[in-house]
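Asks: My structure is below; once you've seen it, I'll send some questions.
The values are calculated or read from the model by the stated rules, or taken from the named source; none is laboratory data. These numbers come from a predicted model, not from an experiment. When we count neighbours, we look across all protein chains shown, and the Cβ atoms used for this are built from the backbone with ideal geometry, even at glycine. Only protein heavy atoms, including side chains, enter the accessible area calculation; ligands, DNA and RNA are left aside. Shrake-Rupley method; radii C 1.70, N 1.55, O 1.52, S 1.80 Å.
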2 protein chains.
Amino acid sequence: MPDPDLAFAAHDHAHCAQDALARAEAVTAAAGARMTPVRRRVLEILLEEHKALGAYDVLARLAVEGFGNQPPVAYRALEFLVDQGLAHRIQRLNAFTACVHPGKDHAPAFLICRTCHMVAEAEASAARVSLDAEAAKAGFLVERSTIEALGLCPNCRGQA
Amino acid sequence: MPDPDLAFAAHDHAHCAQDALARAEAVTAAAGARMTPVRRRVLEILLEEHKALGAYDVLARLAVEGFGNQPPVAYRALEFLVDQGLAHRIQRLNAFTACVHPGKDHAPAFLICRTCHMVAEAEASAARVSLDAEAAKAGFLVERSTIEALGLCPNCRGQA
DNA sequence: CTTGACCTGTTATGATATTACATACATAGA
DNA sequence: TCTATGTATGTAATATCATAACAGGTCAAG
């Protein structure tokens, strides 16, 4: 993860989002998957901010733009994006966020600010190694793991 | 955590559960909290197996036993138990599991078997240290974190 | 024996997610 | 080009998870 925790830092977000979108196109092309209008639009919506959106929030946006307005429309597009590694599901929030580093094979930790609700990705490999090792002691084989932190982002810390 | 990953090992479960219950009484007494019939019963239900139960599963059990049969009855008892550290919420499952080590101040990782659905607690401090450090690099202050692993428990690995 | 805090129960509703089925589209093979 | 096949989308209906708001009951401190 070359640009850690981008989300909290001031950055050219238009560029950030456009870059992620371009990479997403490349990723799906490489995987032989189809980046359809709904899917692209959902990704764009998620990319607008470094926050997590609920499926119904996304759905509402889609509906006014003439896409379907039933839950499966949103859930399917979101599932596709998650499968392709273009978005992540935040368990703690029952919500979804665009991946900032599409293309990289990664399983990040998420830093969720309880005040401004921004969500950043953080490198999680060290934590995962510890977890896998601890699980191995019990004979448990970890296939996937969820690591999410709730707390205060640098900006909100300053204000408190 | 002195008896790591108890859940997956053969053990005298009646004793395990009874011990947890006894400690729970001690914990609540020490906290000046009330271990009422509903709350005790919910804890007992959770202690019957090393699995996670949804609030509505618990509620159904309560209802046939003459307790209230509306969701808040279960959610309130579960919330109480979680607050007291007597139960944990498993985010990934939207479900709850009894704490195996009540009284110890701990924030474990959870090992969730995708086949038999058993849930074990594992030591998470090393992983937490890594996570906190990584977050600190971004200026993020971690207040609480969720670490959950999905995979195969020793028993189910054997069968695969 | 009353007051105040807390617990329980109920109604109602809100929020999140999936199943099932019908229709439309895209692409590879005849 | 046509058409068969897999895949994507749209919709209705329903399942699952969770909370707000309020009424009544219990308990223990003063």
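Asks: Of A:Ala14, A:Ala124, A:Ala24, which is the most mobile in a GNM of chain A whose springs link Cα atoms less than 10 angstrom apart?
Replies: A:Ala14
Asks: Inter-copy label distances at B:Pro72, 7 Å along the Cα→beta-carbon direction, one decimal in nm, shortest first?
Replies: 3.6
Asks: Which is the longest part of chain B that has none of the GluC sites (Glu not before Pro) sitting in a DSSP loop with at most 15 other Cβ atoms within 10 Å?
Replies: Values: sites that count: B:Glu48, B:Glu65.
That gives B:66-160 as the longest site-free run.
Asks: Sorted from shortest, what are the nm distances separating the label point of B:Cys116 from equivalent points in the other copies, each placed 7 Å from Cα along Cα to C-beta?
Replies: The projected label point of B:Cys116 is separated from its counterparts by 4.7 nm.
Asks: In the neighborhood of A:Gln18, defined by Cβ-to-Cβ distances under 12 Å, what is the net charge if each Lys or Arg adds +1 and each Asp or Glu adds -1? Walk me through the numbers on the way to the answer.
Replies: Numbers: positive: A:Arg23; negative: A:Asp12, A:Asp19, A:Glu25, A:Glu44, A:Glu48.
In short, -4.
Asks: Another question, if that's okay. Using just the helices of the protein assembly as shown, give the 222 nm mean residue ellipticity in deg cm²/dmol: DSSP H runs with n ≥ 4 each add -39,500 (n - 2.57), and the total is spread over all residues, rounded to 500. Mind showing how you got there, number by number?
Replies: Numbers: 12 runs with 144 residues, N = 320.
Taken over the protein assembly as shown, the calculation gives -14000 deg cm²/dmol.
Asks: Which far-off residues, 5 or more places away or on another chain, put their amide H under 5 Å from the one on A:Thr115, with H placed in the peptide plane?
Replies: For A:Thr115, whose amide H was placed from the backbone, the distant partners under 5 Å are A:Cys153.
Asks: Please name whichever of B:Pro71, B:Val42, B:Thr146 sits farthest to the positive end of the charge dipole of chain B, dipole taken about the Cα centre and charges placed at Cβ: Lys and Arg +1, Asp and Glu -1.
Replies: B:Pro71
Asks: Compare the Cα positions of B:Leu21, B:Ala122, B:Leu62 along the charge dipole of the range B:6-159 (+1 at Cβ of Lys, Arg; -1 at Cβ of Asp, Glu; about the Cα centre) and return the one farthest towards the positive end.
Replies: B:Leu62
Asks: Moving to a separate point now. How far is B:Arg40 from the same spot in each other copy, in nm, shortest first, if each label point sits 7 Å from Cα toward Cβ?
Replies: 6.4
Asks: Which whole-number percent gives the relative contact order of chain A, counting Cα pairs below 8 Å spaced six or more residues apart? Don't skip to the end; give the middle numbers.
Replies: Numbers: 206 pairs, mean separation 39.1, N = 160.
RCO, chain A: 24 percent.
Asks: Here's a follow-up. Report ³J(HN,Hα) in whole Hz for each residue of the range B:154-159, in order, from the Karplus equation J = 6.51 cos²θ - 1.76 cosθ + 1.60 where θ = phi - 60°; Gly and Pro get x.
Replies: Per residue, the Karplus-derived 3J(HN,Hα) values read x, 5, 6, 4, x, 7 Hz.
Asks: With every protein chain left in place, what is the accessible area of A:Tyr56 in Å² (1.4 Å probe, nearest 10)?
Replies: Taking all protein chains as shown, A:Tyr56 has close to 140 Å².
Asks: What value in Å³ per residue do you get for the convex hull of the alpha-carbon atoms in the protein assembly as shown? Mind showing how you got there, number by number?
Replies: Details: hull volume 52.0 nm³, N = 320.
Value for the protein assembly as shown: 162 Å³ per residue.
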